[in-house]
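Here's the structure we're looking at; comments come further down.
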Amino acid sequence: MNRKLLIQSSLRILLRNKLRTLFMSVGVMIGVGTLIAGQSLGAGVEKEIKQRVNKIFSPGSIMLVSSTLTYSDVEAIESQLDQVIASAPRWGYAEFEISFQGSNRKAAVFGHTVEGETVWNRSVTEGRFFTSSDISKAARVALIGHRLAELLFGEGNDAIDQEIMIGSVPFRIIGVLEPQGIDPHGEDRDEDIFVPITTAMQRLYKSDYIGIAKLIVSDIEAVDDDADEIAEILREEHHIAVGEDEDFAIYTSKFVGRMIQKANKVLTVYMMVAAAVVLLVAAIVIASIMLVVVRERIAEIGLRKALGATEQNISFQFLAEVVTVTLISGVLGIGLGLGAASLVSMHIDMPVIVNLNQVAMALGAALAVGIASGIAPARKAARLDPVEALR
């Protein structure tokens, strides 16, 4: 019997039983959609987070975090480790009440040095960055994020030379920070305020500790080894004996990259497991429905066999029905997954990255479900005795 005619017959049967076909399709659509949405979102999130993290953890960067970190600690590291080519301590993070002519906003205030512009990869689009004079005099000057400037001064209004209150201390705006967007923690960095680090320590935080420092080393490949040497220097500076807990943390660009990849792998595996469970359930449902279909079409099978249809013809028709449903459902599931991923990406401001290998794998999964769920019903139909079937 012509296989083209068998496929056409299968399509007519599927269209005639729309509700049954829908039940068979839903599970495959959801499973494939979950697979595509998880992988495309996961790839997009990983790429976007890497880009955002790289603004802070540029290649060769090392971050020191400690509640007891001081300027002398940073100086000791620079003097003992020749690989350090730049450094910039930073004070913060704490939220202050920001006031301007009756308008009030909460904003994160950070203390920066002159080197912060290059080491922390954030400059200004208007005005100027801090100078050595601003640092030495603990000047009451500030840089403001462009979104916070719009909220306080109104869109289109010049922020330069405006005077704001940070807590109870007056500051003059000398620059508008370049846009940075949402950070990996979900905080809007365009609502930040920078002040000279000495001003932050003396006038706002009233502390001798700097909290955070970022170092840039010359050899990107040896950044983890440099971090180990820095740890030894800090243990000595902080008088930490062997076996005692460290009061500081060190993060490198390589370490952060590995953590991002690990987190994305966990998310991808979770989504793939969820999709596999859905597809397994779909296969069971499809197989159960097709076994019922075989019982309903016993007379048809007997008649076809009596007219000369072989077991291979009968088996092919039932298998074709199932594979057709699952492949069409797989294509629809890909569209569903991409649509869901696009909606989510709009809300979390992350890109969607579609890989053709992922699409091929999703269609392969749909085909595998179709074949796996159709084999048993197809065999049962093909092995029916035509005489018994026609009774």
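The values are calculated or read from the model by the stated rules, or taken from the named source; none is laboratory data. Being a predicted model, the structure only gives us computed values, none of them experimental. Cβ atoms come from the backbone with ideal geometry, glycine included; neighbour counts cover every protein chain shown.
The one condition from (1) surrounded by 14 or more Cβ atoms within 10 Å (Cβ to Cβ); (2) within 24 Å of Thr70 (Cα to Cα) that Asp190 does not meet is (2). With respect to the conditions (1) surrounded by 12 or more Cβ atoms within 10 Å (Cβ to Cβ); (2) among the β-branched types (Val, Ile, Thr); (3) closer than 30 Å to Ser79 by Cα, Val242 falls short on a single one, namely (1). Only a single criterion out of (1) surrounded by fewer than 20 Cβ atoms within 10 Å (Cβ to Cβ); (2) in contact with a Pro (Cβ under 7 Å, 6 or more places away or on another chain); (3) under 28 Å from Asn54 (Cβ atoms) is not satisfied by Gly111, namely (1).
Based on what the data block shows, is Leu319 assigned by TED's automatic domain parsing to the domain that holds Ala283, surrounded by 14 or more Cβ atoms within 10 Å (Cβ to Cβ) and within 14 Å of Ala378 (Cα to Cα)? It is true that Leu319 is assigned by TED's automatic domain parsing to the domain that holds Ala283, surrounded by 14 or more Cβ atoms within 10 Å (Cβ to Cβ) and within 14 Å of Ala378 (Cα to Cα).
Pairs meeting the criteria (first residue in region 365-391 and within 18 Å of Thr21 (Cβ to Cβ), second residue of a type in the set (Phe, Trp, Tyr) and modelled with pLDDT of 70 or more, beta carbons under 6 Å, at least 6 apart or on different chains) are Pro377/Phe318; Ala378/Phe318; Ala381/Phe318.
So, of the residues in region 67-107 that are more than 20 Å from Asp161 (Cα to Cα) and part of a loop (DSSP other than H, G, I, E, B), which turns out to be modelled with the lowest pLDDT? Out of the qualifying residues, it is Ser67.
The set of residues in region 246-299 that are surrounded by fewer than 16 Cβ atoms within 10 Å (Cβ to Cβ) and basic (Lys, Arg) comprises Arg258, Lys262, Lys265, Arg295. Scanning region 233-262 for residues that are closer than 30 Å to Met29 by Cα and free of Cβ contacts under 8 Å to residues at least 12 places away in the same chain turns up just one, Lys262. In region 347-356, is there at least one residue being modelled with pLDDT under 80, over 30 Å from Glu311 (Cα atoms) and assigned to a helix (DSSP H, G or I)? Scanning region 347-356, I find at least one residue that is modelled with pLDDT under 80, over 30 Å from Glu311 (Cα atoms) and assigned to a helix (DSSP H, G or I), so the answer is yes.
Filtered by the rule that a residue be surrounded by 22 or more Cβ atoms within 10 Å (Cβ to Cβ) and in a helix (DSSP H, G or I), region 200-222 gives a lone residue, Ala200.
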